[in-house]
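Below is one structure, written out as structure tokens, with a few remarks after it.
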Amino acid sequence: MKYPIKEGTKVFHGSPGYENKEVISCVTFHYCAMRGHMYEIAFENGCFTYLPQEDFQTLTQDGEVQFNRGSGFRAIESIFVDKSA
């Protein structure tokens, strides 16, 4: 794991090109009947997102990922590690 994604990690998150600076408050692992294994990432400001397991692995290896959060619709999000932190 090149980029540990855990409590306190500083990232940018949001729609591609419009990401906001965030700090991760919690990462939990869930099983979703429709999408399979998912990671929930909660941020200190109260927002959260879900990443499919494969995308979470990409984030930990590359430090960035774009992913489709929606189920049955397109909702592209982006998250990347704040490498200046």
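What follows is calculated from the coordinates using simple rules that are stated; it is not laboratory data. Since the model is a prediction, treat every value here as computed from it, not as a measurement. A quick note on method: Cβ atoms are made from the backbone with ideal geometry, for glycine too, and the neighbour counts reach across all protein chains shown.
Let's see if you can work this out: charge +1 on each Lys and Arg Cβ, -1 on each Asp and Glu Cβ, no other charges. What is the dipole magnitude of the chain about its Cα centre, in debye to the nearest 20?
Values: 8 positive and 11 negative charges, 12 e Å.
The dipole of the chain has a size of about 60 debye.
Got the relative contact order for the chain handy, in percent, Cα pairs under 8 Å and 6 or more residues apart?
Details: 172 pairs, mean separation 26.0, N = 85.
Normalised by residue count, the contact order of the chain is 31 percent.
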Quiz item: Where q = 0.12, 0.17, 0.24 Å⁻¹, what log10 of I(q)/I(0) comes from the Debye formula for the chain, counting one point per Cα?
Solution: -0.30, -0.63, -1.31
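Net charge near ASP82, counting Lys/Arg +1 and Asp/Glu -1 over other residues with Cβ under 12 Å of its Cβ?
Working: positive: LYS10, LYS21, LYS83; negative: GLU19, GLU22, GLU64.
Charge balance near ASP82 sits at 0.
What net charge do the residues around CYS26 carry, taking every other residue with its C-beta under 10 Å from that of CYS26, with Lys and Arg at +1 and Asp and Glu at -1? Numbers along the way, then the final one.
Details: positive: LYS6; negative: GLU7, GLU40, GLU44.
Net local charge, CYS26 excluded: -2.
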Quiz item: In a GNM of the chain with a 10 Å cut-off on Cα contacts, which of ALA42, ALA33, ALA75 has the highest mean-square fluctuation?
Solution: ALA33
Exercise. Rank the residues TYR31, TYR39 as a footprinting-exposure proxy: fewest other Cβ atoms within 10 Å of their Cβ go first.
Key: TYR31, TYR39
